[in-house]
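The values are calculated or read from the model by the stated rules, or taken from the named source; none is laboratory data. Model, not experiment: these values are computed from the prediction. Please note: Cβ atoms are built from the backbone with ideal geometry, for glycine as well, and neighbour counts cover all protein chains shown.
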Amino acid sequence: MLVPLPFPGPLDYLAPMPLQPGDLVAVPLGKRDTVGCVWDTASTVSADFATAPGREVPLSRLRPVVEKLDVRPLPGSLRRFIDWVAAYTLTPPGLVLAMATRIHLKDAPKPSLGWVRTDQPEDGLRVTPARRAVLDVASSTPMTTSDLAAASGASSAVIRGLAAAGLLREAVISVAAPFATPDPGHGAPKLSEEQADVAQQLCRLVKDHRFDVTLLEGVTGSGKTEVYFEAVAACLAEGKQVLVLLPEIALSAQWTDRFIRRFGAEPAVWHSDLGAKRRRETWRAVADGTARVVVGARSALFLPFEDLGLVVVDEEHESAFKQEEGVMYHGRDMAVVRARLAHAPAILVSATPSLETLANVEGGRYRHELLTARHGGATMPDVSLVDMRSDPPERGLFLSPVLCNAIDETLKNGEQAMLFLNRRGYAPLTLCRACGHRMQCPNCSTWLVEHRARGILTCHHCGHTESIPSDCPQCHAEHSLVPIGPGIERITEEAKLRFPDAKILVMSSDTLGSPAATAEAVRKITDGEVNLIIGTQIVAKGWHFPKLTLVGVVDADLGLGGGDLRAAERTVQLLHQVAGRAGRAERPGRVLLQSYVGEHPVMTALVSNDFQTFMEQEAEQRRPSFWPPYGRLAALIVSAATADAADALAKEIAFAAPEREGVQVLGPAPAPLAVLRGRHRRRLLLRTMRGIAVQPILRDWLKDIKPKGSAKIDVDIDPISF
Ligand code: ADP
Ligand code: ZN
């Protein structure tokens, strides 16, 4: 029995009722009951012992299962997936199970019951007028006691009497399925020749019911979504379920609209902000197969699909697929595993595929389909650099004259412009002009970010918040604190002054708190109620804004600092994605990148729209020293309440480091955030050649290391920054 707690494996229980693997049950644990899942059953049971593979348990030691829950058993493919994720991420399997059953299974709605007429004849029974009235109304469709009483004018006692006489019996009233069935033929578009070829390939894979991974690569606006919708349609026609993963829920509103247009019904949506009732309904509908298509965040991988026939990962390169807390797993990679265990094809979709996926294509492990042209004759946007060294903004401002003129022109033409800056708030640093003091988070090794609209300084890592002091806390100089650098609030302030007539809309997680707010913002843009959009990375997502023709990247260099080997790849992907919002319809788009490092390969790649050469260069940098994807990597994050304790544990781990060919340990070094939420962090990296798995090495390495007191070790397999 697997219980959703950090035990190393399943626990043993006595089953007073027949149970099979996958059944969900209530079991006693300590003083309380918890929901568990039957993982395997004993192969033999004698008078005193139960024998399971590898162990024998005396029956007298076992506590009995309390009850079997009224839900479908977890399918075998999901149980195998849970075991797989646990083994791969070195997580206790119960914690992975917890992700699959994180709904209140126990307070499942009781099915409501009604009365139906049985086929027993009335012969020999005294039929009073009241009984007659009930029998005339009752049919094979169940009616509740109160409905039946109201319709017949008889009392509930009369109804009970008829039931006792065998003329009525109770039956479950089935509620209308809250999930409509998508129609594969509803709004099928006319595909271009190139699109149709690719769609046909994907549909063939779906019909083969075999595991297979395809990278669907295509420039932004080439119709990737339309094309994989064809594969979704094929899967629906096969009578199987589909899972589509999106990196962020913010995207799902526009995606859902498109889905409805294509399939005439809503998909089931799954993410962590879903209300408890909706979660439960969706979970059950996925389990019993009434939900045919699920679109969700990575946690949707743990839904109990009855018969999964296709997994799609849209924007597969997005780092948002990586879960960085709790069970640290990469949604894209686990989606491939999920598909494999369900014997279903997987499609990874991107305009800027990750180096991991490209390496899998190159190694012949993934298939590759390419869409080369934007749909409907739309051209790719023209990307150019604004060299901030030769063309700087005025003192204290952040928008260069070139960019401002381009915005003027765009707005004058009745088109939309977008300013992109991947930084929330007003300013990333607040500094004392008198003594140089920097406002720092008391719990983390980061600066506090000013959010002027709310009058606060806040830490984006731990949430620490304080009001903006009027004097420097260090030297007490009056009014000496100044904001350094821009966040989008500050850019918005500048834009309001510079473009007083523009209708500005700000898109960031601060202004778009809910999916509904996001949907409303998208509507305003699509309907042309605004013409200058200012946003953080939320605007980079797969939006389709037909009137948008100019994108200005306020600080193209922003992601490049920090010494992360993956920074360049991530910056290219993000900026290419942002650029791809421009000129998606009839009017051509253009993109201006404000940069101080115009000669950087990232800028060259973006300006020449030559993503391939850039990725080849990236590959050549990583291949010789087997950085991912040419080798395997795990990060050990050691943390403790004091720097000394963190150092001591890190040293102990380093001392026990494995020594063998093809395996290398780097560090310990301060972790990228050396202090986070008051904990001091050190990092070690374990790097192996591709053929050597990191999990057995880590297990062996860490088996005798017992962190003391507050100290702890977190293992991150395939960390996304290194
Ligand atoms: P991508 O996902 O590659 O960025 P989309 O699938 O969003 O591209 O397509 C871009 C736009 O072109 C969307 O509005 C889409 O509906 C439209 N489109 C693409 N292909 C077709 C087609 N064959 N027929 C009609 N509209 C299409
Ligand atoms: Zn903090």
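The condition (being without any contact (Cβ under 8 Å) to a residue 12 or more places away in the chain, more than 26 Å from D714 (Cα to Cα) and charged (D, E, K, R)) is satisfied by just one residue among R32, R72, R63: R32. Once region 533-560 is narrowed to residues that are surrounded by fewer than 23 Cβ atoms within 10 Å (Cβ to Cβ) and away from ligand 1 (no atom under 13 Å from the Cβ), the residue that is nearest to I407 (Cα to Cα) is D555.
When region 580-617 is filtered for residues that are of a type in the set (D, E) and away from ligand 1 (no atom under 16 Å from the Cβ), the ones remaining, listed by number, are E599, D610, E616.
Inside region 36-72, residues that are within 23 Å of R280 (Cα to Cα) and in contact with a helix residue (DSSP H, G or I) (Cβ under 9 Å, 6 or more places away or on another chain) make up a count of 5. Going by the structure shown, is R682 among the basic types (K, R), touching a residue at least 40 places away in the same chain (Cβ under 8 Å) and in contact with a Cys (Cβ under 7 Å, 6 or more places away or on another chain)? No.
Within region 633-642, restricting attention to residues that are of a type in the set (G, A, S) and farther than 12 Å from G678 by Cβ, the residue that is surrounded by the most Cβ atoms within 10 Å (Cβ to Cβ) is A635. I491 satisfies every condition listed in (1) within 16 Å of ligand 2 (Cβ to nearest atom); (2) surrounded by 16 or more Cβ atoms within 10 Å (Cβ to Cβ) except (1).
Restricting R679, R622 to residues that are crowded, with 18+ Cβ neighbours inside 10 Å and either on the phi > 0 side of the Ramachandran plot or within 16 Å of ligand 2 (Cβ to nearest atom) (or both) narrows the list to R679.
Filtering region 407-423 to residues that are within 14 Å of G589 (Cα to Cα) and crowded, with 21+ Cβ neighbours inside 10 Å leaves I407, T410, Q416, A417, M418, L419.
When you go through V85, V96, V116 one by one, which is the residue that is of a type outside the set (G, A, S) and over 45 Å from the mean Cα position of the chain (by Cα)? It is V116. Restricting region 643-659 to residues that are touching a residue at least 12 places away in the same chain (Cβ under 8 Å) and assigned to a loop (DSSP other than H, G, I, E, B) leaves a set whose member that is farthest from L676 (Cα to Cα) is P658.
For region 592-612, a residue qualifies if it is in contact with a His (Cβ under 9 Å, 6 or more places away or on another chain) and small (G, A, S), and exactly one does: A605. Of all residues being of a type in the set (K, R) and touching a residue at least 24 places away in the same chain (Cβ under 8 Å) in region 419-467, which is nearest to ligand 2 (Cβ to nearest atom)? Just the residue, please. Checked region 419-467; the qualifying residue nearest to ligand 2 (Cβ to nearest atom) is R424. Scanning region 457-480 for residues that are under 33 Å from the mean Cα position of the chain (by Cα), at pLDDT below 95 and among the hydrophobic types (A, V, I, L, M, F, W, C) yields a single hit, C462.
Only one entry in A654, A669 is over 29 Å from V572 (Cβ atoms) and over 29 Å from the mean Cα position of the chain (by Cα), namely A654. Of the strands (runs of 3 or more DSSP E) entirely within region 217-312, those holding at least 1 residues that are of a type outside the set (A, V, I, L, M) and in contact (Cβ under 8 Å) with a residue 60 or more places away in the chain occupy 241-245. Note on region 422-462: enclosed strands (runs of 3 or more DSSP E) holding 2 or more residues that are more than 30 Å from A640 (Cβ to Cβ) and away from ligand 1 (no atom under 16 Å from the Cβ) are 429-432, 449-451. Restricting the first member to region 367-384 and to residues that are among the hydroxyl-bearing types (S, T, Y) and modelled with pLDDT under 90, and the second to residues that are surrounded by fewer than 20 Cβ atoms within 10 Å (Cβ to Cβ) and not in a helix (DSSP H, G or I), the beta-carbon pairs closer than 8 Å and six or more apart or on different chains are T379/P588.
Within region 231-245, not a single residue is of a type in the set (D, E) and either out of contact with any strand residue (DSSP E or B) (no Cβ under 6 Å at 6 or more places or on another chain) or within 16 Å of ligand 1 (Cβ to nearest atom) (or both). If you take the residues of region 159-205 that are free of Cβ contacts under 8 Å to residues at least 60 places away in the same chain, within 16 Å of ligand 1 (Cβ to nearest atom) and among the acidic types (D, E), which of them is surrounded by the most Cβ atoms within 10 Å (Cβ to Cβ)? By that ranking, first place goes to D197. A477 fulfils the conditions (1) surrounded by 23 or more Cβ atoms within 10 Å (Cβ to Cβ); (2) touching an Asp or Glu at 6+ places or on another chain (Cβ under 7 Å) except for a single criterion, (1). Filtering R298, R278, R340, R332 for residues that are crowded, with 19+ Cβ neighbours inside 10 Å and out of contact with any His (no Cβ under 9 Å at 6 or more places or on another chain) leaves a single hit, R340. Number of residues in region 68-104 that are buried (at least 20 other Cβ atoms within 10 Å of the Cβ) and of a type in the set (D, E, K, R): the value is 1.
Here S710, S639 are screened, and the one residue that is of a type in the set (G, A, S), more than 16 Å from ligand 2 (Cβ to nearest atom) and either in a helix (DSSP H, G or I) or in contact (Cβ under 8 Å) with a residue 24 or more places away in the chain (or both) is S710. Each residue in region 481-527 was checked for being polar (S, T, N, Q) and in contact with a Leu (Cβ under 9 Å, 6 or more places away or on another chain), and 3 pass. Contact map, region 489-500: first residue among the polar types (S, T, N, Q), second residue crowded, with 21+ Cβ neighbours inside 10 Å, Cβ cut-off under 8 Å, separation 6 or more or different chains; pairs are T492/V506; T492/I534. Just one residue in the set R374, R452, R433, R365 is more than 30 Å from R632 (Cα to Cα), out of contact with any helix residue (DSSP H, G or I) (no Cβ under 6 Å at 6 or more places or on another chain) and surrounded by fewer than 18 Cβ atoms within 10 Å (Cβ to Cβ); that residue is R433. When T290, T256, T225 are checked against the criterion of being within 13 Å of ligand 1 (Cβ to nearest atom) and of a type in the set (S, T, Y), T225 stands alone in meeting it.
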